[in-house]
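Shown next, in structure tokens, is the structure this report addresses.
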Amino acid sequence: MKHTKIVRITDVEKDKALLEEAGRIIRDGGLVVFPTETVYGIGANGLDADACRSIYTAKGRPSDNPLILTVPDKEAVKEVAACITPTAQKLLDAFWPGPLTIIFPRQKKVPNAATGGLDTVALRCPDHAVCRAFLRCAGVPVAGPSANLSGRPSPTTAAEVAHDMEGRVDMIIDGGPCEIGVESTIVECNADDMVTILRPGGVTTAMLERVVGHVQVDTSLVTGQGVPKAPGMKYRHYAPSASMTTVIGSVSAVTAKLSQLYEQYRREGLSVGFLVSAEVASHFPQENMYVWGHHDDKEGLANQLYTGLLFFDDHRVDHILAEGTDSEGLGMAIMNRMKKASGGDIVIL
Ligand code: AMP
Ligand code: MG
């Protein structure tokens, strides 16, 4: 077990010495958990194969699931990408820093241990002052997948990180709760410069289309068939311990369906939890309930989704009855995660 130093950093000037210490840990091959605007990341030197491998060990992550390298600015892309197409440049200019990960052909110095053996590398520059100051101190691209044990929901607070990672990493930088709450959108620009979404996230299809025209979505995400282009998308991520049913529709339709399911589970003698909006919540017993926002506020729902799923690890129930949202805008990212969390058990009304 490692000794994990937990530090709270809000002011990058005042806490410069701690950020420099974090940067040294990275250069020395250690692991530092850092905040971003999406979820917390577990960082290692992305150019050091052994350091990258230690991320897989700490997370219990399958080794064919490549890592995203985080960089402090657009300039750093040139150091690891073999080329930047005009469309990729447009995306960089429009969305960085921000929740958009772009796949580039890799330079040879990026180790197989970071890319899962692929000849491409995923890059992102988070829109988070503490994170970018940390990355500058590290002075190398930092491989940074979400800081959860593999298969668990991604952490959006330092307390959730500590639950999974204390004793497994050298340092946790607590930068407060994450603003967005779901992971970055991952896109690939292919040879004819068509942009394809491999994982929906904080940057929506409409936002991308405003910058690059038409955008495709990896067909396996739409149909559930075939092999996803982002290897990580095939795993059952984001799962709470209990089984879960997600119901989508108007407040009244969702309330009626959840009432029916609730009675059914109770008759079977099972304990039930609710992950629902404030509008639906008032109709059900308040115990074992996580109110994750308002029916029509997708930003709020995205922000609370993982904390809501983790709530049911502390408040053990046999089954979670959850309210989903439509797949417009940020709803595509939310529902992608909820589909996995509920093992595909989705009811659309
Ligand atoms: P996480 O860092 O936990 O958010 O997961 C990273 C995601 O990025 C996984 O779904 C990976 O499969 C995906 N990814 C990383 N590198 C690549 C790449 N070169 N090509 C396609 N997907 C990638
Ligand atoms: Mg993850």
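Odds and ends about this structure:
- Derived value for the chain: Kirkwood hydrodynamic radius 20.6 Å. Basis is the mean of 1/r over every pair of different alpha-carbon atoms.
- Taking the Cα centre of the stretch 294-336 as origin and assigning +1 to Lys and Arg Cβ atoms and -1 to Asp and Glu Cβ atoms, the resulting dipole is close to 120 debye.
- Cα centre as origin, Lys/Arg/Asp/Glu Cβ charges: the chain dipole, Debye: 860 debye
- When the Cα positions of MET1, HIS214, PHE134 are compared along the charge dipole of the chain, MET1 comes out farthest toward the positive end, with charges on each C-beta of Lys, Arg, Asp and Glu.
- From helices alone, the chain scores -10000 deg cm²/dmol at 222 nm; the rule is -39500 (n - 2.57) for each run of n ≥ 4 DSSP H residues, then divide by the residue total.
- Mean-position separation - Cα centroids, the stretch 243-295 and the stretch 81-138, in angstrom: 40 Å
- Scaled radius of gyration (Cα, divided by 2.2 N^0.38 Å) that the stretch 14-118 gives: 1.11
- In this Cβ point-charge picture (+1 for Lys and Arg, -1 for Asp and Glu), the stretch 147-250 has a dipole of about 380 debye about its Cα centre.
- Charge dipole (the chain, unit charges on Cβ, about Cα centre) - positive-most of TRP292, SER250, TYR56: TYR56
- Principal axis dimensions, the stretch 66-160 - Cα atoms, whole angstrom, descending: 40, 29, 24
- Amide hydrogen proximity for GLY116: with H placed 1.01 Å from N in the peptide plane, the residues at 5 or more positions away or on another chain lying under 5 Å are LEU67.
- Distance violations [Cα-Cα > 20 Å] among LYS298/LYS339; LYS108/LYS234; LYS2/LYS234: LYS108/LYS234; LYS2/LYS234
Bear in mind these aren't lab numbers, they're just calculated from the coordinates by the rules spelled out. A quick note: this is a predicted structure, and the numbers were derived from the prediction, not measured. Note that each Cβ is placed from the backbone with ideal geometry, even for glycine, and that neighbours are counted across all protein chains shown.
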